[in-house]
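The values are calculated or read from the model by the stated rules, or taken from the named source; none is laboratory data. Because the structure is a prediction, the values reported are computed rather than measured. No Cβ is skipped: glycine too gets one built from the backbone with ideal geometry, and neighbour counts run over all protein chains shown.
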Amino acid sequence: LLIGTALASPNISYDTLESLIQKGVNAFSSGNYPASSEAFQSAFDTYRHEPEWEESRLSEKILPLSGFASLKAGLYDRSIMALALFLEEESYAYSQEIFARYALILSYQKNGDIASAIAECNTLEESAHSHSLKSLAALRRAQLLLDSGKESEGAKLLIEIAQSEGAQRVRQQARLIAIRKSLDDKQYAQAYELLVAKPWETEAMPELALLSIASLELGDHLLEAGKPLDALRCYQRVLPLEELIQLQSRKLAALKRQFAQRQAELGIAATIWEDFYRQILASLEAQLDTLRKAQDYEPFRQLRKGKCYLLAGRPREAWLVFERLARNPTEFDPKIKYLWMLSARDAGYLAEAISIGRELIEKYPDSKDAFDALRLIAFSLQDYGQYHEAIEVFATLVEKSTDKKQQDDAWFQTGYCHAMLQEYPLAKNVFKNLRRNAESSPLKEQSHFWVGLVLFFQTRFQDALDEFASLAKTTASIHLQIESDFRIASCHYALSRYAEAAELAEVLLARESNERTGEIRLLAGDARKALSEDDDALAHYLAIPIELITLKHAASMGATEILVQKNRIEEADAFLTSIRTNLHDPNALCENALLLAEIKLAKNEKAESRAVLEHALVRFGNDPDVQEILPLIEFLSSLSADWVSDQRSLLDKITSTDTSALTSRFALHRALNREHYHESETELLAIAAEFETEALPPECLAYTAAALARIDSPRSEKFAQQIIDRYPNSRYIVFAYYAFGKRAVYRGEGATAIAWLSRIGADSEEFSIFLDSRLLEAQSHATLQEFGQAEAIYQSLLKNRSFGPATKAKLLHGIADLHQRRGDYEQAIAYYQRLYTLYGAFPEYAAHAYYQSAVAFDKLGKTAEAIRTIDEFVSIDRYKNHATVSEGITLRAKLLEERSTQIEKEDES
Amino acid sequence: VKRLNTRVATHLRLAIYFCVFFSVSTKADTLITKDGQRFEGRLIGMEGGYISLQETKSASASLAIHRFDTEETAHIEFSDKEQRIAAAEIYGNQHYADAIPLLESLVFRRLPFLGILQQKDEEVFSSLLLSYSASSLYDRCLGRHKLWHRKLAHHKTSKDSSIAAMRSAWAAGYRDEAALFAQRWIDAGYSSKQSAIAWRILAELAEEKDNYEDALWISLQPIAFADAKPIDQLAECFAITLAAAKRLGKDDYIARLSEEATARGLKISPRNATPPNTALPKPNRSLPLQPNPNKLLGNP
């Protein structure tokens, strides 16, 4: 066509082959690719059949350049023709082939013939000698596949290249494209595998920047998807922006140096290289500019890392990250402080969490995080057992919140706090109110459930049962259904309706297994045992899986008893031994040792029994945090022939140099086993004098605090405070309350005394201080003229079957005295009469009751009854030596005199 | 055979470097003033704020010495660039003992000018200290560190020098000294990205005193801020954290930490009851300053 046009032209000028080639080369060198393409094409069209063309092998030399120039000029058909023709030649050099094939692939691609481009890539891959070139061709093929919609095929190929033995840069490139593709396709698992599973193998830009950005993006997705550890790995791979800028600057400088060096070295290829370098430099400069303008993501990355730690259960690391972020406050300061607070709380540093929260509230009082912090403070106080303080904070939350749901939640927690404080009426009111008025149905049902629980705590088992039954009927929540049914069975058991408890428990066990199954099984076992259906009970106990080791341990007590009764001692031994290997809790291990020692003793294996006890004592006896040591000492001492030397030998076996805990426990055991009260008290006071309070375990602190309080020593408060501070979860903490209460009674501070003593719950009945604390509480109420509360305490104690007649007499005496003081003489007389009729064997109360009864009759003006009562009183031999007898006689004389005076007056009248 | 090859290669390399080093360079040192003027000669010393440069060629019999005010000097360049590069290569290939003679020569050449050196020249000082430390020449490292560290003008070299000192003091069993260096490092606000040695030292000392809570918190610092890049002494910090967590009965935490250590490819060796260095004789080198436990949680 060109030749045709030229022929038609009026100014025909023929170019020689040499001039055409020169033109083409010159145009190529100056970057004028259309002109270059034109010249080479013209040379080819005009001279290809000339012998000179053949002789000089010009096809081999001209066609690749012609093809490349056409490609750059956008003349793709021409480029394809030239390059394809070149590749048909037989004697081209390998390097030329690679160049031509690669240019041909690009030409096909630009021309829209993707299939041919892919086919050419395959050919290049096959013909290439090096791994690098093969992988480069494969990379191009993968991109073509992706562009042509064959995405899965393309992605698969990319991954293959990334894992191949090709050049690192190509592998890295494939990996980057595959990562980008996976992220765009939301294939996060694959992206994670590509991004994190292997090291990056690159320290070059812009790969590092792209990988950093991809890591940040993937990290965000994974964090949102609840995979904090995977997200953390991603964030750890992100390089700080500052580092990326440094790397990019260095790379740019290096490339500029390289460019300057090469410019001088290259001939015709300089154009290609110049073009290449200029593009690269422009791109690098643009990237550097973007990086410099980008917002520093480092604080956000650290924030996210902190979140990952927090969510992954590593709150200490989270604390460190947030603490550092909080040093340089940003707009996210409230959020960071809140997260810091959460970390502190999760790490178990509640006081610090509260302090951080308070700082946040003070600094940003109106932020949403301040409100959340307030909630968290309340929960932390709850966790600390500071329920009074928690109630105050929940009250603030109710006040501050405008959201009814949040208010309801705060009220619910308030109810919980009251329940924990054993302020059951208050708790019940809160829950009842929520049951009626809460906005959310689940909260209503939860409150209903808690009404039942509170009643259960109040030992109003029938009322509790009714609540649970009504909830079980109405609730749609499976969880609450299970809970209610379990509690109903528990109520039956508590009401001694063992058959009902067992039957219901077994019905529940027949249902699908749930989180209460173990406890229900234990309850069924206990109920069957109470019904003396030992085989069934044993079957339940043994069916509790060993994984529920706490329940299994609890079951072991009942099971052991049954096995011993059935004379299946070996089984009991094996059962306890098998549990022992799974137990980790030192207290449970001590209990297990006690049972096992009893079994060994029952098997006449006294030495083994002692060995079990000694082993437990050596292992845990000197650990102040283990509470079940005293029974071990008690048992072992009963088996010992020479307890004094045995104690010494046990102390020798303790590896620690400080054996104060065990030594003081031995001393406590000695004190508690003294026959006489005063000896016991003296020994307890000796413990207080001989040991540092810091060295004493909770039980020693407890008994010595009580003994010191009984002699009104101020030191008792130091001991009591030690228990509260060091052993807040110890069951011996009630001794601290007792000591503080007793001291308050001595000081005449009735209200303070009640505040301390009322904390001692019915679950402390096992301790000797229980009765004394109750009596002190009643007396304090009476001092404050709160006779009703005082009597309620006496009455509740009277119902307690574990108290002997002496105690009962004392209690009746207390009630009668209360009525007497109130001027309710009729009632006082009734109680006094009951006392001396039923408990006449206890003169210290009965004699007093006789006398006070006479006084009451006198107050009522019933002189004859009064005199008759005194007559009866003085006629009983056992009261002869009692101090009140003389008072009775004096009263009788006075009454008789009054009566004769009265008769005289009546006669006169 | 491999070992033999390596030995031959080492000898050959040393021979080459020897040649490079002792082939007397005809190039001169250069002093560049702030107004851009270049003066060539031999840098012979610095005194009273003046740098002395001796002419290397002169028409007359004597070679004149010129003095330049340091205030007016932009920088100085030494003629032994090839030797410096050769030393850097040996050091970079972790042949520390081989690097020492070369680095020492370079250091002595530059010593009079410490304080006004360019970073590349100052780096020979920190490389030498790190080489001493890696070659168990702990006392030499500590002695030189004390002489030089206040004069080091560049952040990186100063940090590297401190790391060398910490490593040497700890490895030599000078625990008080190591603790002092470590505390200084933390107080200076240096991060643990390059090395976690400071935290490792303080954590291990806390562990020795059965203060496991402190040991746990201190050793956790570099772990919490570590990114994917390997960090010197991070494995040791993991080991201390894990041991402390075990002592404190935090079993669930141990599992989580171990998971990360495994993911990082760290080999955590179980900790002995007695730290290895306590067996070393302790010279009477206790320093008045003890690490303040309240300041242990510094900026990593």
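Brief remarks on what is shown
- Looking across segment B:214-239, not a single residue is of a type in the set (Gly, Ala, Ser), under 25 Å from A:Arg304 (Cβ atoms), surrounded by fewer than 24 Cβ atoms within 10 Å (Cβ to Cβ) and more than 10 Å from chain A (Cβ to nearest Cβ).
- Looking only at segment A:197-217, and only at residues there that are part of a loop (DSSP other than H, G, I, E, B) and without any contact (Cβ under 8 Å) to a residue 24 or more places away in the chain, the one that is nearest to A:Lys251 (Cα to Cα): A:Pro199
- The single residue among A:Lys134, A:Lys150 that is under 30 Å from A:Val196 (Cα atoms), surrounded by fewer than 20 Cβ atoms within 10 Å (Cβ to Cβ) and within 60 Å of the chain's Cα centre (by Cα) turns out to be A:Lys150.
- Search result, residues across segment A:212-239 that are within 12 Å of chain B (Cβ to nearest Cβ) and over 27 Å from the mean Cα position of the chain (by Cα): A:Ser212, A:Ser215, A:Arg237, A:Val238, A:Leu239
- Scanning segment B:240-269 for residues that are at the interface with another protein chain (Cβ under 10 Å from one of its Cβ atoms), in a helix (DSSP H, G or I) and not polar (S, T, N, Q) gives B:Ala245, B:Asp251, B:Asp252, B:Tyr253, B:Ala255, B:Arg256, B:Leu257, B:Glu259, B:Glu260, B:Ala263.
- Every condition in (1) within 30 Å of A:Tyr235 (Cβ to Cβ); (2) assigned to a loop (DSSP other than H, G, I, E, B); (3) of a type outside the set (S, T, N, Q); (4) modelled with pLDDT under 80 is met by A:Gly267 except one, and the failing one is (1).
- Residue in segment A:325-333 that is of a type outside the set (Val, Ile, Thr), in contact with a Phe, Trp or Tyr (Cβ under 7 Å, 6 or more places away or on another chain), more than 13 Å from every other protein chain (Cβ to nearest Cβ) and surrounded by fewer than 24 Cβ atoms within 10 Å (Cβ to Cβ) present: no
- Of the helices (runs of 4 or more DSSP H) that lie entirely inside segment A:503-588, those containing 1 or more residues that are β-branched (Val, Ile, Thr) and out of contact with any Pro (no Cβ under 9 Å at 6 or more places or on another chain) span A:517-530, A:549-565, A:569-580.
- Total residues in segment B:193-213, condition part of a helix (DSSP H, G or I) and away from chain A (no Cβ under 14 Å): 10
- Test: A:Gln295 is within 11 Å of chain B (Cβ to nearest Cβ), out of contact with any strand residue (DSSP E or B) (no Cβ under 9 Å at 6 or more places or on another chain) and of a type in the set (S, T, N, Q): no
- Looking only at segment A:107-152, residues that are among the charged types (D, E, K, R), farther than 24 Å from A:Leu65 by Cα and touching a Lys or Arg at 6+ places or on another chain (Cβ under 7 Å) come to 0 in all.
- Qualifying residue in segment A:160-169 (condition: part of a helix (DSSP H, G or I) and touching a Phe, Trp or Tyr at 6+ places or on another chain (Cβ under 8 Å)): no
- Test: residue in segment A:707-716 that is touching a residue at least 12 places away in the same chain (Cβ under 8 Å), assigned to a loop (DSSP other than H, G, I, E, B) and at positive phi: yes
- No other residue among A:Leu650, A:Leu685, A:Leu639 is within 42 Å of the chain's Cα centre (by Cα) and of a type in the set (A, V, I, L, M) apart from A:Leu650.
- Within segment A:429-445, the residues that satisfy the criterion of being assigned to a helix (DSSP H, G or I), surrounded by fewer than 23 Cβ atoms within 10 Å (Cβ to Cβ) and not aliphatic (A, V, I, L, M) are A:Asn429, A:Lys432, A:Asn433, A:Arg435, A:Arg436, A:Asn437, A:Ser441, A:Pro442, A:Lys444, A:Glu445.
Here is a yes/no grid of residues against (1) at pLDDT below 85; (2) among the β-branched types (Val, Ile, Thr); (3) surrounded by 14 or more Cβ atoms within 10 Å (Cβ to Cβ); (4) within 30 Å of A:Ile62 (Cβ to Cβ):
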{"residue": "A:Thr271", "(1), (2), (3), (4)": "yes, yes, yes, yes"}
{"residue": "A:Phe276", "(1), (2), (3), (4)": "yes, no, no, yes"}
{"residue": "A:Ala282", "(1), (2), (3), (4)": "yes, no, no, no"}
{"residue": "A:Phe300", "(1), (2), (3), (4)": "no, no, yes, no"}
{"residue": "A:Lys335", "(1), (2), (3), (4)": "no, no, yes, no"}
{"residue": "A:Trp340", "(1), (2), (3), (4)": "no, no, yes, no"}
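- Flag for B:Leu242 being modelled with pLDDT under 95, touching a helix residue (DSSP H, G or I) at 6+ places or on another chain (Cβ under 8 Å) and buried (at least 23 other Cβ atoms within 10 Å of the Cβ): no
- Selection from segment A:173-196 of residues that are polar (S, T, N, Q), surrounded by fewer than 21 Cβ atoms within 10 Å (Cβ to Cβ) and assigned to a helix (DSSP H, G or I): A:Gln190
- If the condition is being modelled with pLDDT under 90 and either aromatic (Phe, Trp, Tyr) or not in a helix (DSSP H, G or I) (or both), then segment A:399-416 contributes A:Ser401, A:Thr402, A:Asp403.
- Of all residues in segment A:525-544, those being acidic (Asp, Glu) and farther than 12 Å from A:Ala502 by Cα number 2.
- Any helices (runs of 4 or more DSSP H) falling wholly within segment B:83-158 and containing at least 2 residues that are β-branched (Val, Ile, Thr) and buried (at least 16 other Cβ atoms within 10 Å of the Cβ): B:96-110
- Some residue of segment B:183-192 being touching a strand residue (DSSP E or B) at 6+ places or on another chain (Cβ under 9 Å), away from chain A (no Cβ under 12 Å) and assigned to a loop (DSSP other than H, G, I, E, B): no
- Lone unmet requirement of (1) surrounded by fewer than 19 Cβ atoms within 10 Å (Cβ to Cβ); (2) free of Cβ contacts under 8 Å to residues at least 12 places away in the same chain for A:Tyr424: (2)
- Every test in (1) assigned to a helix (DSSP H, G or I); (2) under 19 Å from the mean Cα position of the chain (by Cα); (3) surrounded by fewer than 20 Cβ atoms within 10 Å (Cβ to Cβ) is passed by A:Gly313 save one, and that test is (1).
- Residue check for A:Ile793: crowded, with 22+ Cβ neighbours inside 10 Å and part of a loop (DSSP other than H, G, I, E, B): no
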